[in-house]
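The next block holds one structure in the form of C-alpha cells; read it before the comments.
No value in this document is a laboratory result; all are computed from the given coordinates. Since the structure is predicted, the reported quantities are computational estimates derived from the model, not experimental observations. In this analysis, Cβ positions are derived from the backbone assuming ideal geometry, glycine residues included, and neighbour counts consider all displayed protein chains.
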Amino acid sequence: MPQPYVLLSAAVSLDGYLDDTGPERLLLSGPADFDRVDEVRAASDAILIGAGTLRTDNPRLLVNSPERRAARVAAGLPEYPLKVTVSASGDLDPKAQFWHTGGEKVVYTTDKGAKHLRTLGLPTGPAGVDVVSVGPDLEWPAVLDHLGDVRGVGRLMVEGGGRVHTQLLQQGLADELQLAVAPVFVGEAEAPRMFGTGAYPGGPTSRLRLVETRPVGDVVLIRYVPTVPGTGHAVSAADRHWLALACALAAECPPSGTAFSVGAVVVAADGTELARGHSREAGDPVAHAEEAALAKLDPTDPRLASATVYSSLEPCARRASRPAPCARLILDAGVRRVVTAWREPDTFVPDATARNAVLAEEGAVVVVVPEYEARAKEPNRHLVG
C-alpha cells in the first residue's frame with residue numbers, strides 16, 4: 001500500500017502557541033471543537049503523537065463517542081484507531097495512559113530504542129504494544145512506509161507535538177493541515193509553538209491552498225493542503241494532490257474510441273499552478289493534455305525550468321497526429337520533472353514503454369505513482385478493459 005494520507009491536527013492560540021508554560025495543559029478548544037476532533041479521530045485508521053507529547057500530556061487518544069465507536073465496528077473496523085508514537089531513545093513511561101487504554105498500539109523507534117522498550121514490560125496480547133525498529137535512525141519515510149505496507153493505514157491523524165508537525169511539513173510528508181485557532185493569546189516566549197524554524201518546501205514565497213474555514217464554537221477551523229512539488233524522484237504530499245487533479249481532468253475529456261483521455265497540470269517550484277489541460281480540449285479532436293496545457297504558457301517563462309508536469313498518463317514519445325509528441329514538447333519547454341500515474345500501454349503504440357524512455361534519456365526525471373493508476377484508467381476502460 002502507499003504511504004498514509006497524513007493529516008496534521010492541532011489547536012493553537014492567536015499568537016501561534018500550542019500551550020502555555022503552566023503545569024496543567026492549556027485547553028485551547030471548546031466542547032464543539034473537541035467533538036469535531038473526536039469525529040476526525042473516528043474517521044482515521046491511526047492516530048500518532050510524538051514522545052514529547054506522550055510524556056507531557058499523558059493522553060489516552062480515544063474515540064469518546066459510543067455512537068462513533070459503534071459505527072466503526074459496524075463498518076468492520078476496530079473500535080478504536082491504531083495508536084502510534086515515535087521515540088528514538090525508547091525512554092517512555094510504561095505507566096502512561098497511552099499504553100493501557102483503547103485498542104492496538106505501535107511505537108516506532110531505533111535499534112537501540114527497541115532494546116530499551118522491550119525491557120519496560122509494556123502490555124502484550126491482542127491490544128498490546130508492537131515495538132517496531134526502523135533501523136539505526138528514526139526516519140519518517142520508513143515509519144510511514146511501515147504504517148501503509150504492514151499496518152494497512154490509509155489515513156493517519158497526527159496530533160503533535162510541534163516538533164513532529166514541523167518535521168512532517170518540512171519533509172513534504174503532510175497531506176493536510178487542520179488548525180483550530182482559539183481566541184486567546186499566550187505571549188510566553190518559552191511556551192511550545194506549533195511550528196519550529198528551518199526550511200519549509202518552497203520557502204517563504206510559497207503558499208498553501210486554503211480548502212475550508214468555518215467557526216466551531218468560539219474557535220475557527222482552518223484547513224490547508226500543501227502545493228509545493230517534490231524534487232527528483234521523491235514523492236511529496238503535494239505531488240499526490242496535483243496528480244489527483246490531473247486524473248480528475250482526464251475524466252472531463254470528450255470520449256473517444258481511438259485515443260486516451262488524459263489530464264495534465266503544470267506547476268511551478270513554489271506551488272503555483274501555471275496551466276492545466278486535457279485531451280481533445282476546446283473541440284480539437286487530436287489535442288493531447290500536455291500539449292493543451294503547455295500551449296497556454298509563454299515558452300520563455302523562466303519558471304518552466306524548475307516546474308513539474310503532472311500527467312495522468314505517461315507523456316507520449318511518438319504520435320501520428322502532430323509533428324511533435326508530448327515528451328518532446330515538455331523537453332523543449334525546459335521542464336525536467338514529470339509525475340505520472342500510468343505508464344503508456346501498447347494499445348496504440350507498439351512497445352510504448354521502450355519508446356517513452358526519451359524523457360529519461362534527455363535528463364528528465366520521470367516519477368510514477370502507481371496508486372493513482374486506477375483513477376487514470378477509469379475514463380479509458382473502454383480502451384484497455
Fill in the blank from the handout: Output row, site GLU378, 7 Å Cα→C-beta label point, backbone N cut-off 16 Å, window the stretch 243-265, residues 243-255, 261-264
Exercise for the section: Would you work out if the stretch 237-384 is rounded, prolate or oblate? Take a ≥ b ≥ c from the square roots of the eigenvalues of the alpha-carbon gyration tensor; rounded if a/c is under 1.5, else prolate when a/b is larger than b/c, oblate otherwise. Expected result: rounded
Completion exercise
Whole-Hz Karplus couplings 3J(HN,Hα) for the stretch 31-47, θ = phi - 60° and coefficients 6.51, -1.76, 1.60, Gly and Pro as x, run x, 5, 6, 4, 5, 4, 4, 4, 5, 5, 4, 4, 8, 9, 7, 8, 10
Practice task
First check a/c for the chain, with a ≥ b ≥ c the square roots of the eigenvalues of its C-alpha gyration tensor; if it is under 1.5, answer rounded, and if not, answer prolate when a/b is larger than b/c or oblate otherwise.
Solution key: prolate
Handout entry: Loop sites in the stretch 171-255: GluC sites (Glu not before Pro), DSSP, at most 10 other Cβ within 10 Å
Key = GLU190
Practice task
Under 17 Å Cα to Cα from LYS112, which aspartates and glutamates show up? Leave out anything in the same chain fewer than 8 places away.
Solution key: ASP91, ASP93, ASP130, ASP137, GLU139
Completion exercise
Taking placed amide H atoms and a strict 5 Å upper bound, the residues 5 or more places from SER236 or on another chain that come that close are GLY230
Exercise for the section: Among DSSP beta bridges lying fully in the stretch 5-225, give the percent that are antiparallel, nearest 5. Expected result: 30
Exercise for the section: Would you pull out the residues with amide H under 5 Å of SER65's amide H, same chain only if 5 or more places away, H placed 1.01 Å from N? Expected result: none
Completion exercise
With label points set 7 Å from each Cα along the Cα-to-Cβ direction at ASP284 and ASP38, the distance between them in nm comes to 5.6
Practice task
Any chance you could run the full-extension gain for GLU139 through LEU27? It's 0.36 nm times the residue separation minus the Cα-Cα distance, nm to one decimal.
Solution key: 37.2 nm
Problem - Among beta bridges that DSSP assigns inside the chain, antiparallel share in %, nearest 5 - result: 40
Problem - Amide H contacts of ARG337 (H built 1.01 Å from N, under 5 Å, at least 5 apart or other chain) - result: VAL309, VAL365
Fill in the blank from the handout: The answer for the net charge of residues other than THR227 whose Cβ lies under 13 angstrom from its Cβ, with Lys and Arg +1 and Asp and Glu -1, is -2
Completion exercise
The ³J(HN,Hα) series, computed from each phi in the stretch 148-159 with the Karplus coefficients 6.51, -1.76 and 1.60 at θ = phi - 60°, rounded to the nearest Hz and given as x for glycine or proline, is x, 6, 9, 8, x, 7, x, 9, 10, 9, 10, 10
Handout entry: Label-point separation in nm, SER89 to GLU361, each point 7 Å along Cα→Cβ
Key = 5.6
Completion exercise
Projected onto their principal axes, the Cα atoms of the stretch 164-219 stretch, largest extent first, over whole-Å spans of 32, 31, 21
Practice task
Measure out, as a whole number of angstrom, how far apart the alpha-carbon centroids of the stretch 237-311 and the stretch 102-156 sit.
Solution key: 40
Practice task
Calculate one ³J(HN,Hα) per residue across the stretch 60-76 by plugging θ = phi - 60° into the Karplus curve 6.51 cos²θ - 1.76 cosθ + 1.60, and present them in order as whole Hz with x for glycine and proline.
Solution key: 8, 6, 10, 8, 7, 6, x, 5, 5, 5, 5, 5, 4, 5, 5, 8, x
Practice task
Within the stretch 304-385, list the GluC sites (Glu not before Pro) lying in a DSSP loop whose Cβ has at most 14 other Cβ atoms in a 10 Å radius.
Solution key: GLU362
Completion exercise
Env charge @ SER87, Cβ radius under 14 Å, K,R +1 / D,E -1, value +1
